[in-house]
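> What follows is a single structure, and I will ask about it in a moment.
The values are calculated or read from the model by the stated rules, or taken from the named source; none is laboratory data. Treat the numbers as computed from the prediction; the structure is a model and nothing was measured. As a convention, Cβ positions derive from the backbone with ideal geometry for all residues, glycine included, and neighbour counts pool all protein chains shown.
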C-alpha cells in the first residue's frame, strides 16, 4: 500500500518549549492511524503542523506525493486533507446546512453553491443531523457540534481526515455512533488520522497507533503492541511495571 | 439567479419610488432630503459588506467617499471629462487603492484593524490637505460653467440626483448578490470564525482584501456625484470622521448583515438627523441622540430593527433579505 501522508523529522518550538521534536511517521492509504499521548504531549500541535496552521521549524510533510511543508491550511484542504478541531469551531450564526456548505464549497472539489448544498445535506444525513438542516449551529449540543465538525470536514471530500478528539465529551451511546461513523468513513476510502483519549475506542478503531510524549515519538505499532510497551505505560501511569502488578493483584 | 429573488424587485421598486416622489410636482426640497438619504443608504450598505458580512469594523469607511469625490471632481471639472465616466474611473481608482491597502492592513484583526482604518482616514486626509492639484486645505470649487455639459445647473441637479439613486440601487443589489454567492458564504465564514474558515479552505487574506476593495467602489462613485452637485469639496467635509462613525450607528440601528437592515438604518438615521439638524432648538443635538440610540439598540435589540422584525415574522427572512 502506498502512503498518503509522510511526515519526516518534524520539530516545532514555541519559545523555550520544544512542543514537537523530530517526529516521523507515515499513514497508508485506507488506514486508521491513532495518535495518543498524555496531556501536553504535542498531539494537537502535530495536527496543526500537518494541516499548515503552524509552520514546522524543521522537517518535511508530504501528502499524496506532494510536498506540503509550510503550505497554508486553505491550500492543504484543496489537496484533500481536512480536519476537525478539538475545541469545536462552529460558525454559530449560520445554519448547519451553511456550515457544511462552506466545507463543500471550499474543499477539494471547490464546488459551486448549488452542488455544495446538495453534498452538504447528504453529508449531514450521514452524520445524523439530517433533520436539523436549518437550525443555527450555536444551538447544537456539544455532541451535535462534534458531528458538525466531522460533517464539515467530510464535505470537503478529503482523502485524509484528521480527527482531533471527536469522542471526548460524548456519552456512551454517542461514542458508539461516532465510532460506527468513523468506520464507515474509512470503508468509503478515506484514510483517517485521529487523536483520542478514549482508549477503548481508539484501540478498537486504529490499525496502528503512534504514541507521543513530551513532543517525542515514544512508540509506534499495532494497538496490542503499544499498550504493552513499558515506555508507554510509564508515560501514562508513572510506573513501567504497574500493569503487571495490577493484573497480579487482581488474580 | 439574482433575478429570481423577490428582494431584487423590491430594491428596484424602492429606487422607482425615490425617482417618482420628487418628480411629482417638481418637489425640490424633497429631492434634497432624499439625496442625503440615498447617500446614507449607499454608505451604510457598503459598510455592511465589511462589518455585517465579514466582521471587520471599518471606522474610516468615509475615506472612500471623500477620495472618490476628489478624484471624480478633478476629472469632471479640471480635466473636463464626462461626469459618469469620471465617477467610474474614480471608483476604480479608489478600489485599486483599497485593494493595495487591504492586502497590507487586513492581516490585522479585531481592534487593531479598526484602529488602523482610522489611521488610513487621517493619512489620506493629511495627504489631500497638502496636495497642490486638489487645492490643498481650501479644496476645489466648481464654477457655474462646469454644469453646462449637463444642460445648466438646474438640469444637472436632477441628473446627479438620478445618478445617486442609481448608485443606491446598485449598492443594495451588490449586497444582495454578494449575500447569495459562494464568495458571500466565504465572508460569512470569516465573520463567524476566521481560523475555522481558513481550515475549511477559505482564502481569508484574499477574500478580505477583495471585499474591502469592493466596498470602496460605490461610495467613491457616489462621492463624485455628490460633491459635483454641491459644487465644492475640501478635506474637512470630504473626510469627516463623524460621518464615518455615524455610518456604524446606521448599521447597528438597522441591523448589520442584512441588505434591508443597512438600507433601513441609513434611511432612518439620515431622516432623523436632518430633522434634528434643522430644528432650531435641537441643532447639533443629533449626536447625543445617535449615542443614545446606539446604546438602546446594542442593549435591547442587538440585531437592529431588521433583527427584531425577523424575530416577529421569521418567514420574512426569505423575502426581506
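> Can you pull out the residues in the range A:62-80 that are assigned to a loop (DSSP other than H, G, I, E, B) and more than 17 Å from residue B:194 (Cα to Cα)?
Within the range A:62-80, A:64, A:65, A:68, A:69, A:70, A:71, A:80 qualify.
> What residue, among those in the range A:69-96 that are within 14 Å of chain B (Cβ to nearest Cβ) and more than 29 Å from residue A:169 (Cβ to Cβ), is surrounded by the most Cβ atoms within 10 Å (Cβ to Cβ)?
For the range A:69-96, the residue satisfying everything is A:71.
> Continuing with this model, one more query. Mind counting the residues in the range A:171-185 that are under 22 Å from residue A:37 (Cβ atoms) and either surrounded by 21 or more Cβ atoms within 10 Å (Cβ to Cβ) or out of contact with any helix residue (DSSP H, G or I) (no Cβ under 8 Å at 6 or more places or on another chain) (or both)?
Final tally of qualifying residues: 2.
> So residue A:153 clears everything in (1) closer than 25 Å to residue B:178 by Cβ; (2) in contact with a helix residue (DSSP H, G or I) (Cβ under 8 Å, 6 or more places away or on another chain); (3) in a helix (DSSP H, G or I); (4) within 11 Å of chain B (Cβ to nearest Cβ) except one condition, right? Which one?
(1)
> Out of all the residues in the range A:109-139, which are within 14 Å of chain B (Cβ to nearest Cβ) and touching a helix residue (DSSP H, G or I) at 6+ places or on another chain (Cβ under 6 Å)?
A:111, A:113, A:116, A:117, A:119, A:120, A:123, A:135, A:137, listed by residue number.
> A further question follows. Are there any pairs, at least 6 apart or on different chains, whose C-beta atoms fall under 6 Å, with the first in the range B:254-274 and within 19 Å of residue B:13 (Cβ to Cβ) and the second surrounded by fewer than 24 Cβ atoms within 10 Å (Cβ to Cβ), and if so, which?
Partner pairs satisfying both residue conditions: B:254/B:264; B:254/B:305; B:259/B:176; B:259/B:321; B:260/B:320; B:264/B:305; B:267/B:37.
> Quick one: residue A:189 ticks every box in (1) part of a helix (DSSP H, G or I); (2) closer than 26 Å to residue A:146 by Cβ bar one, so which box is it?
(1)
> Has the range B:280-288 got at least one residue that is farther than 22 Å from residue B:35 by Cα, more than 21 Å from the chain's Cα centre (by Cα), at pLDDT below 85 and part of a helix (DSSP H, G or I)?
Yes.
> Can you tell me which residue among B:66, B:52 is in a helix (DSSP H, G or I), crowded, with 18+ Cβ neighbours inside 10 Å and touching a strand residue (DSSP E or B) at 6+ places or on another chain (Cβ under 9 Å)?
The conditions single out B:66.
> Tell me, yes or no, whether the range A:97-106 has at least one residue that is free of Cβ contacts under 8 Å to residues at least 60 places away in the same chain, within 11 Å of another protein chain (Cβ to nearest Cβ), part of a loop (DSSP other than H, G, I, E, B) and more than 14 Å from the chain's Cα centre (by Cα).
yes
> Take the residues in the range B:185-223 that are outside any helix (DSSP H, G or I) and touching a helix residue (DSSP H, G or I) at 6+ places or on another chain (Cβ under 8 Å), then tell me which one is nearest to the other protein chains (Cβ to nearest Cβ).
Looking at residues that are outside any helix (DSSP H, G or I) and touching a helix residue (DSSP H, G or I) at 6+ places or on another chain (Cβ under 8 Å), I get B:201.
> If residue A:179 meets every condition in (1) out of contact with any strand residue (DSSP E or B) (no Cβ under 8 Å at 6 or more places or on another chain); (2) not assigned by TED's automatic domain parsing to the domain that holds residue A:41 apart from one, which number is that one?
(2)
> Being buried (at least 17 other Cβ atoms within 10 Å of the Cβ), at negative phi and touching a strand residue (DSSP E or B) at 6+ places or on another chain (Cβ under 7 Å) is the filter here, so list the residues in the range A:199-215 that pass it.
A:202, A:205, A:206, A:208, A:209, A:210, A:211, A:212
> Go through the range B:166-184 and give me each residue that's surrounded by fewer than 24 Cβ atoms within 10 Å (Cβ to Cβ) and in a helix (DSSP H, G or I).
Of everything in the range B:166-184, those that are surrounded by fewer than 24 Cβ atoms within 10 Å (Cβ to Cβ) and in a helix (DSSP H, G or I) turn out to be B:166, B:169, B:170, B:173, B:174, B:176, B:177, B:178, B:179, B:182, B:183, B:184.
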